[in-house]
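Notes to accompany the following structure.
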Amino acid sequence: FFAAPIKFLTPDVPFLNLLAVGKITFQGFKWVEWFFFGVVIGTGCLICIHESYRRTCLYFLAILIPLFLMQQLLFLPKLDSQTSEVLSGTRIPGGSLHYLYITIEFMKLLVILGFAIYMHWQTGGRQ
């Protein structure tokens, strides 16, 4: 969360170099996100097998899956394209795409934490 915006505060590194590093970082991180998404979805599906948690689990998945897919398939390609344009010297108007991406990131975090807390509460902390 913090490394991406903080790197732009570095006074002695040109902006385009920082942008290039950010682009490579996000391209690599995308695969890490897909892996953890698979783990979370797989765990959610396993929990859905238990009938007493099925409805809550389905709500969780119904919220999380569209958020993740929207971020990965809609926002990241557009952000990557914008970054490529800037790196090639094209001046693009500022937009709210980064803020939407960050908002979705926090929404995913809240959904996962909320589900984890709910499941912990429902099970009484049992493993």
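The values are calculated or read from the model by the stated rules, or taken from the named source; none is laboratory data. Just so you know, these numbers come straight off a predicted model, no measurement behind them. No Cβ is skipped: glycine too gets one built from the backbone with ideal geometry, and neighbour counts run over all protein chains shown. Surface areas here come from the heavy atoms of the whole protein model, side chains and all, with no ligands, DNA or RNA. Shrake-Rupley method; radii C 1.70, N 1.55, O 1.52, S 1.80 Å.
The relative contact order of the chain, computed from alpha carbon pairs under 8 Å that lie at least 6 residues apart in sequence, is 24 percent.
At 222 nm, what value in deg cm²/dmol follows for the chain if DSSP H runs of at least 4 each add -39500 (n - 2.57) and the sum is divided by all its residues, to the nearest 500?
Working: 5 runs with 95 residues, N = 127.
It lands at -25500 deg cm²/dmol.
Karplus-derived 3J(HN,Hα) values for region 80-88, using 6.51 cos²θ - 1.76 cosθ + 1.60 with θ = phi - 60°, are 5, 5, 4, 4, 4, 4, 5, 5, 8 Hz; glycine and proline are entered as x. Remark on the chain: C45 stand apart, with no other cysteine beta carbon under 4.7 Å.
In sequence order, region 6-21 has phi-based couplings of 5, 4, 6, 7, 5, x, 9, 10, x, 3, 5, 5, 5, 5, 5, 5 Hz under the Karplus curve 6.51 cos²θ - 1.76 cosθ + 1.60, θ = phi - 60°, and Gly or Pro positions carry x. Once the trypsin sites (Lys or Arg not before Pro) in DSSP loops with at most 11 neighbouring Cβ atoms within 10 Å are cut out of the chain, the longest remaining piece is 1-90. The residues of the chain present an accessible area of 70 Å² per residue when probed at 1.4 Å with all protein chains retained.
Note the count of lysine pairs whose C-alpha atoms are less than 18 angstrom apart in the chain, limited to pairs 8 or more residues apart or on different chains.
Lysine pairs meeting both conditions in the chain amount to 4.
For a paramagnetic label modelled on L87 (point 7 Å from Cα along Cα→Cβ), amide N atoms under 13 Å away are absent within region 31-47.
Based on the Cα coordinates of the chain, what is the per residue volume of their convex hull in Å³? Mind showing how you got there, number by number?
Details: hull volume 15.0 nm³, N = 127.
With only Cα atoms used, the chain gives 118 Å³ per residue.
Only one residue of A20, L73, L97 has its Cα farthest out toward the positive end of the dipole of the chain, where Lys and Arg carry +1 and Asp and Glu -1 on Cβ, and that residue is L73. Mind checking the angle between helix 97-123 and the chain's longest principal axis? C-alpha axes, 0 to 90 degrees, to the nearest 10. Result, in degrees: 20. Going by Cα centres, region 74-91 and region 11-64 are how many Å apart? So the separation of the two Cα centres works out to 21 Å. Model label points for T43 and Y59, set 7 angstrom from Cα along the Cα-to-Cβ axis, are 1.9 nm apart.
Across the accessible surface of the chain, with the other protein chains kept in place and a 1.4 Å probe, carbon and sulfur atoms take up 71 percent.
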